[in-house]
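Encoded as structure tokens, the structure appears first; notes follow it.
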Amino acid sequence: MNSLQQGWFTESDTWCGAGLSLQVEKIIHQEKSPYQDIMILQTKSFGKALILDNIIQCTEFDEYSYQEMISFLPLCSHPNPKKILVVGGGDGGVAREAAKHPSVTSIDVVEIDERVVKLTEKYMPFMACGFENKKVTLHIEDGFEFMKKNLQKFDVIITDSSDPVGPNASLFQKSYIESMKQSLKPGGIICSQVGSIWIKEDQSTMMRLSKDCSGVFTKIALATISIPSYPTGNISFLLATNNEEVNFRTPIHKFTTDEMDQHKLKHYTPELHSASFCIPRFTQISMPYLTC
Ligand code: SPM
């Protein structure tokens, strides 16, 4: 199916038999990079939207919900996160959020596709501003290769990837989990986006990855959030650690209201942190390897 038809963009590849559509006012930019098709759209009700290989990555309207939650769920669960690795994250949004955590001193963002960075810098500076923070260093290279060179270095590794298709598929494999474990400091935390609890293919990915994590980590949890611009309005995160101090449901760092105001947080709160780990019963049953 042509994703752009009669003034609407439709994402139909990620949700079998259904699709999410956004009304388009203008195609701001379209190109084929060495890695993927990149499109930036001006939409009628979601503002600017970044689309990679026909999959919606972020929209101006709701990107903060994903970027805040994928950042602060692991960061606020860790007793003292200093060194952070973001694999993917070429739009800058996760770096923007992670830099707000008071104990974080450095954030390495490893993005394979430089064109994503360049285009978001040009057209979506509200996210790419993340790269301007002094804590952030951008590396244009493969995440696997970067981790091989950086062993036992990070307190938190966030995988801010697209879906498990094409080159991204390697970020949803057991070998990738093992590689993250090698690059974590003892007691470190990983957090990866794993799709929607309502999509069958994503459920299979979550089940497989939670099982794979169980061979490597002692604590494994699934958090789920609502976000209108991803299919089914849901996206979930798999978190894991060997740190006995960590209880994912109870944030160790609790942002005060003043801090949340100062950092202009719009979605994350300590209460929502805990609530995100309360998942529907069908997900608990289908994922016996979750420990909390
Ligand atoms: N920094 C934002 C990047 C977003 N990365 C996640 C995109 C996921 C989009 N697909 C969700 C569909 C679930 N199968």
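On a C-alpha basis, how far is the centre of the stretch 50-78 from the centre of the stretch 265-292 in Å? Whole number, if you could?
Computed from Cα coordinates, the inter-centre distance equals 16 Å.
Which order do Val117, Val109 fall in if you start with the one that has the fewest other Cβ atoms within 10 Å?
Val117, Val109
Taking the number of other C-beta atoms within 10 Å as the exposure measure, put Arg281, Arg208 in order starting with the fewest. Spell out each step's value before the answer.
Details: Arg281 7, Arg208 17.
Going from least to most buried by this count: Arg281, Arg208.
So for the stretch 38-127, averaging the separation of alpha carbon pairs under 8 Å that are six or more residues apart and normalising by length, what relative contact order in percent results?
Rounded, it is 22 percent for the stretch 38-127.
Which ordering of His78, His253 is given by a fewest-first count of other beta-carbon atoms within 10 Å?
His253, His78
Any lysines with Cα under 19 Å of the Lys211 Cα? List them, leaving off those in the same chain fewer than 8 positions away.
List returned: Lys174, Lys181, Lys200, Lys219.
For a quick check of your reading of the filter: which GluC sites (Glu not before Pro) in the stretch 107-182 sit in a DSSP loop and have no more than 16 other Cβ atoms within 10 Å?
Glu141
Given a cut-off of under 8 Å on Cα pairs at least six residues apart, what relative contact order in percent is computed for the chain?
Averaging sequence separation for qualifying contacts and normalising by length gives 16 percent for the chain.
Bear in mind these aren't lab numbers, they're just calculated from the coordinates by the rules spelled out. Worth saying up front: this structure is predicted, and the values here are computed from it rather than measured. As a convention, Cβ positions derive from the backbone with ideal geometry for all residues, glycine included, and neighbour counts pool all protein chains shown.
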